[in-house]
Amino acid sequence: MSEALGNELQARLRAHVEYLAGAIGERNPLRYASLEQARLYIEGAFADLGYKIRHDAYQVDGRAYRNVIAEAPGRDPEAELLLVGAHYDTAAGTPGADDNASGVATLLELARSLRSAGPLRTLRWVAFTLEEPPSFWTPRMGSWVHARNCRARGERIAGMISLEMVGYFRIERRSQQYPLELMRWFYPSQGNFIAVAGNFRSRKLVRSLARKLKSSFPVESTALPFVPGVGLSDNWSFWQEGYPAVMVTDTAFFRNPHYHMSSDLPETLDYAGMADLVSGLERAIGALIKSYLPSGG
């Protein structure tokens, strides 16, 4: 990627984050109007790229909530689809720049760069609502609503990629922590990588995505079910319905001191690092939609 294109991508990523986490701010049922404003922004961004929009619409406590869905149809209607998603709501009390405006910004820019990829398999983009508590790990979680709908329709999903906090990177030693003490001996002490994490059933997707991404961006990966944190995002919802799913993350509170804080602001993110990640994910996902066929996990 040329310097000029890299600068343009950084500027677009920053603009998405600054609008979601700056102009709008906190986005959740306690700030329902702001949550809806974020949804409309995402819909407008997809529409501007030429996508047709549809929704998973459902009711919680008398209010309507919607996942925003866009697709780049594949050439082979019999091939499994690949789904990439990010949640657009925030925890109470935080503007959510890293958690998860960074994921949404990355989702929108991947949707831009891959909209004319001519994929073999359908590529679905989903912005999920209600990922954060008190909906987390409940049937109200937007990603679980979507995963249940996929299963009810009999949809075949090659894999789901959850973009969860992807904008905070540090080069200082000991800037990275881990959920298990033993992991310090095998993984870097600098928080300058992206993690690809999944459960054992999703191990082939973890390996395939990490291998393809590693040529463009520092990557660490795990597919061990006993590692705390691997199910703390929308990938968990797809596991409940038997689909392979992974989380792509900067590791959240194991690195970012602003996690779920009022200080999770746009100026804390590394937009050059985000742009490099988007470019790497573009190539990795582009390869997956052309060739990846899972077989048992």
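Read-outs throughout are calculated quantities, based only on the coordinates presented, and are distinct from any laboratory measurement. In this text, all values refer to a predicted model and were calculated from it rather than measured experimentally. Note that we place each Cβ from the backbone using ideal geometry, even for glycine, and neighbour counts take in every protein chain shown.
Summary of values
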item: Cα gyration tensor category, rounded, prolate or oblate, for the stretch 99-169 with a/c compared to 1.5; result: oblate
item: Residues of type lysines that residue 52 reaches as a straight line, Cα spacing below 28 Å, ignoring anything fewer than 8 places off in the same chain; result: 290
item: For the stretch 1-101: rounded, prolate or oblate by the Cα gyration tensor [a/c cutoff 1.5]; result: oblate
item: Residue exposure sequence - 106, 129 - by fewest surrounding Cβ within 10 Å; result: 106, 129
item: Net length gained if the chain between residue 177 and residue 53 were fully extended (0.36 nm per residue, minus Cα distance); result: 40.7 nm
item: Relative contact order %, the stretch 3-291, counting alpha carbon pairs below 8 Å whose residues are six or more apart; result: 23 percent
item: Full-stretch length increase - residue 138, residue 11 - with 0.36 nm per residue and alpha-carbon distance subtracted; result: 42.1 nm
item: Additional length obtainable on full extension of the chain from residue 64 to residue 155, 0.36 nm per residue less Cα span; result: 30.3 nm
item: Packing-based exposure ordering (other Cβ within 10 Å, fewest first) of 290, 212; result: 290, 212
item: Residue among 231, 191, 242 with the largest mean-square fluctuation in a Gaussian network model of the chain, springs linking Cα atoms under 10 Å; result: 242
item: Fewest-first sequence of 137, 236, 185 by Cβ atoms within 10 Å of each Cβ; result: 185, 137, 236
item: Residue 4-residue 185 pseudo-label distance in nm [points 7 Å out on the Cα-to-Cβ vector]; result: 5.2 nm
item: Anisotropy class of the stretch 3-291 from Cα gyration tensor, a/c 1.5 cut; result: rounded
